[in-house]
Amino acid sequence: MTAKMDNSFINFVDFIDVALEAYSTAPRKLFEKMMHMMLSTFHSQEVELEKLVLAIDEINIIPVADLDEFYDTVLDTVEDVKLFKKKIESLSSKDTLFLELHTQLDKVHTSLIQYMDRMGQLEVRVLQSA
């Protein structure tokens, strides 16, 4: 899982390893800032997905050119989120910020599933109206 920041991509699996190192060796503020950055990023992704889900209810055409590629991409992202959640779950007992991150990842996971479900519903509506 990556996110774009300052025109470069951050791998959150690597980033969480750095945050864990900061948790053990650096001042608490550094660890907190790193965790809050991740929480903010994932919250933004959740909000964006929720907007897309709501937008799908208002349209009558499929907004992607290749549905198979869309579903493959979303399913890959769901798997990435599940793997990242599993990694964070093992850290949840260390600090409440890890627990917050796990909760936020769960929300992103749910939003991805809802997004895929709504796209499927739209696909059915389009087929029925044709």
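Every read-out reported here was derived from the displayed coordinates using simple, explicitly stated rules and does not represent laboratory data. Since the structure is predicted, the reported quantities are computational estimates derived from the model, not experimental observations. Cβ atoms come from the backbone with ideal geometry, glycine included; neighbour counts cover every protein chain shown.
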With the radius of gyration and the Kirkwood radius both derived from the Cα set of the range 11-54, what is their ratio Rg to Rh?
1.16
Would you mind checking the tilt of helix 28-57 against the longest principal axis of the Cα atoms of the chain, expressed as 0 to 90 degrees and rounded to 10?
10 degrees
Charge dipole magnitude, Cβ of K and R +1, D and E -1 - the range 40-129, Cα centre, debye nearest 20:
340 debye
How far is helix 96-129 tilted off the main Cα axis of the chain, in degrees rounded to 10, range 0 to 90?
10 degrees
If you split all Cα-Cα distances of the chain into 10 Å bins from zero, what percentages do you get per bin, shortest first?
11, 38, 28, 15, 6, 1, 0
Do you know the relative contact order of the range 40-129, to the nearest whole percent, from alpha carbon pairs under 8 angstrom that are 6+ apart?
48 percent
If you fit an axis through the alpha-carbon atoms of helix 67-89 and take the longest principal axis of the Cα set of the chain, what angle between them do you get, 0 to 90°, nearest 10?
20 degrees
So how do 47, 108 line up by other beta-carbon neighbours within 10 Å, fewest first?
47, 108
In what sequence, highest mean first, do 17-26, 33-42 appear when ranked by Cβ atoms within 10 angstrom?
33-42, 17-26
Spatially near lysine pairs across the chain, Cα under 15 Å, sequence gap of 8 or more or different chains:
6
